[in-house]
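Working notes, structure below.
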Amino acid sequence: MVIVDDHHLFRSGVRAELGEELEVVGDAGTVEDAVALIREQRPDVVLLDVHMPDGGGVEVIARLSEECQDIRFLALSVSDAAEDVIAVIRAGARGYVTKTISAAELADAVRRVAGGDAVFSPRLAGFVLDAFAQDTGSGAGASVESAAAEDRELDQLTPREREVLRHIARGYMYKEVAQSLGISVKTVEAHVSAVLRKLQLSSRHELSRWAVQRRLVSLDGP
């Protein structure tokens with residue numbers, strides 16, 4: 001992992017918090033240094049600040065998008081503004097979390113992004129899902145046949161599985177879903193596995209796309 005942030009103290013803090021759980025191969029405080037470091041180290045994940053004096057996260061991703069397609073970017077910022085979230089995700093980041101996140105949750109988010117998942121702080125997921133729905137039209141012109149097929153897919157899920165699906169699609173972590181629904185983390189994991197199997201999906205990212213295309217999630221809540 002590479003850490004990109006213009007505050008040296010913050011980079012040092014993240015290294016200290018995550019160094020025992022994740023391999024940190026370097027850190028950078030400017031766009032230029034970040035691009036050079038990422039090209040040299042080719043990390044699995046880049047933990048990326050959104051706002052920096054010389055361009056920020058969007059600029060870093062833009063410079064590396066073609067040559068480093070195997071590298072995943074996770075935005076970490078104090079900002080929870082919709083425009084910041086949408087801009088960096090559209091640039092190519094796989095997730096966006098705020099700096100209020102705990103060290104354990106951040107380590108988990110990095111691992112999930114490395115594994116191919118899309119990860120968001122709960123409230124921020126709605127911004128991305130709504131933007132995605134607007135971009136795709138959310139199936140406004142779908143045929144009767146395709147709508148019926150989607151209904152059959154949804155009918156496979158139990159009411160509880162649908163509840164879990166909505167939470168997961170908006171970026172909630174398993175323990176947050178468990179607390180919200182009053183069930184155990186293991187039960188949440190079992191429901192997610194069942195949903196993925198029934199819908200023939202392979203990741204939480206695909207699950208999020210599936211949910212937003214069927215209008216199962218919105219900005220107001222799961």
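The values are calculated or read from the model by the stated rules, or taken from the named source; none is laboratory data. Please read all numbers here as calculations on a predicted model, not as lab measurements. We place every Cβ from the backbone using ideal geometry, glycine too, and count neighbours over all the protein chains shown. Each accessible area value is taken on the protein alone, full model and side chains, heavy atoms only, with ligands, DNA and RNA left out. Shrake-Rupley method; radii C 1.70, N 1.55, O 1.52, S 1.80 Å.
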Q.
Just the residues that are at pLDDT below 85, open to solvent by less than 60 Å² (accessible area, probe 1.4 Å) and in a helix (DSSP H, G or I), please, taken from region 151-164.
A. GLU153, LEU154
Q: Restricting attention to strands (runs of 3 or more DSSP E) lying wholly within region 14-95, give those where 1 or more residues are among the polar types (S, T, N, Q) and over 20 Å from the mean Cα position of the chain (by Cα).
A: none
Q) For residues in region 165-182 being farther than 17 Å from VAL119 by Cα and open to solvent by 40 Å² or more (accessible area, probe 1.4 Å), which is farthest from the chain's Cα centre (by Cα)? A) GLY182
Q) Does at least one position in region 44-52 carry a residue that is on the phi < 0 side of the Ramachandran plot, open to solvent by 60 Å² or more (accessible area, probe 1.4 Å) and among the β-branched types (Val, Ile, Thr)? A) no
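Okay, residues lined up against (1) in contact (Cβ under 8 Å) with a residue 24 or more places away in the chain; (2) surrounded by 15 or more Cβ atoms within 10 Å (Cβ to Cβ); (3) over 15 Å from ALA114 (Cβ atoms); (4) not acidic (Asp, Glu):
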{"residue": "ILE3", "(1), (2), (3), (4)": "yes, yes, no, yes"}
{"residue": "ALA16", "(1), (2), (3), (4)": "no, no, yes, yes"}
{"residue": "ALA36", "(1), (2), (3), (4)": "no, no, yes, yes"}
{"residue": "ARG42", "(1), (2), (3), (4)": "yes, no, no, yes"}
{"residue": "VAL58", "(1), (2), (3), (4)": "yes, yes, yes, yes"}
{"residue": "ILE89", "(1), (2), (3), (4)": "yes, yes, yes, yes"}
{"residue": "GLY92", "(1), (2), (3), (4)": "yes, yes, yes, yes"}
Q. Can you name the residue in region 60-82 that is among the β-branched types (Val, Ile, Thr) and surrounded by 17 or more Cβ atoms within 10 Å (Cβ to Cβ) and, of all such residues, is nearest to VAL24 (Cα to Cα)?
A. ILE71
(Q) I need the full set of residues from region 41-81 which are at pLDDT below 90 and of a type in the set (Lys, Arg), in order please. (A) ARG63
